Structures are given as C-alpha cells and as structure tokens.
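Q: For reference, the structure I am asking about is given below.
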Amino acid sequence: ANTVWAYAKLGHSCPELFDAISLKVTEKLDTFNSQEIANTLWAYARVGHSSTKLFDAILDEAIEKHDASSSQEIANTVWSYLLFDAISYEAIEKLDAFNSQNIANTVWAYANLGHEAPD
C-alpha cells in the first residue's frame with residue numbers, strides 16, 4: 001500500500017509496478033486494514049491505473065470492513081471510485097477533440113476497469 005501510495009503522491013505512474021503489486025495485494029487483501037485499503041485504491045485512481053480484479057476485491061473488502069473504517073477512509077474510497085466518473089464527464093465535454101485512437105483508448109480503459117460510464 002505504501003509503495004503505490006508514494007508513487008501516486010509523486011504523480012508517477014509505473015504500469016509494470018502497479019500491475020505486479022495489484023496481483024500481490026489481491027492475494028493478501030484480507031490482511032490489509034481499512035487505511036491500507038483506502039490508500040491503495042486512492043493510489044490507483046490517482047494515477048489512473050485500472051485493475052478490475054483488484055478493484056472488485058477492494059470493493060468487497062471495503063464493504064466487509066466498513067465498521068472499522070474512519071470517515072476519512074470511507075471518503076477516500078468513495079472519492080477514488082467517483083474520480084473515474086468525473087473523468088468520464090470531462091471526456092464527454094471534450095469528445096469533439098478526440099481522434100479515433102483517443103476514443104478507442106478511453107473505451108478500452110473503462111472496459112478494462114469494468115466501470116460503466118455514468119448516465
């Protein structure tokens with residue numbers, strides 16, 4: 001959790017590292033406390049790195065541990081999920097400027113994330 005948080009705090013995305021860490025985190029998520037869960041999700045959202053398997057596992061774990069979560073941890077978790085919605089609204093506003101590759105990459109990212117664009 002601390003590694004991806006530090007990378008995200010610096011605004012540095014390292015896809016290979018985030019992919020490798022997501023595999024390990026998914027395996028050990030049940031050992032994470034609510035702060036570590038919130039920080040991990042925040043880091044992935046902050047750098048825009050998607051991992052459907054990790055996000056699904058985090059959502060399940062966050063729901064299970066919600067009683068132990070502080071209001072800040074809950075807010076960070078919600079913010080992380082909402083960030084993807086906010087980005088989609090901005091993309092819609094700028095859609096006329098997108099070329100076919102931009103559109104394909106955006107659709108691919110949401111499909112890979114398993115996240116539906118908001119209505």
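Q: Pop a pseudo-label 7 angstrom from the Cα along the beta-carbon direction at both ASN102 and GLU16 and give the gap in nm to one decimal.
A: In this crude label model, ASN102 to GLU16 measures out at 3.0 nm.
Q: Measure off 7 Å from each Cα along the Cα-to-Cβ vector at LEU95 and ASN33, then give the distance between these two points in nanometres to one decimal.
A: 4.5
Q: The range 1-67: which chymotrypsin sites (Phe, Trp or Tyr not before Pro) are DSSP loop and have at most 16 other beta-carbon atoms within 10 angstrom? Could you put the intermediate results ahead of the total?
A: On the way: sites: TRP5, TYR7, PHE18, PHE32, TRP42, TYR44, PHE55; in loops: PHE32.
Sites meeting the loop and neighbour criteria: none at all.
Q: Next question. Once you have the Cα-Cα distance between LEU23 and THR52, take 0.36 nm times their residue separation minus that, and quote the gain in nm to one decimal.
A: 9.3 nm
No value in this document is a laboratory result; all are computed from the given coordinates. Since we're looking at a predicted model, the values are computed, not measured. Positions of Cβ are backbone-derived with ideal geometry, glycine not excepted, and every protein chain shown enters the neighbour counts.
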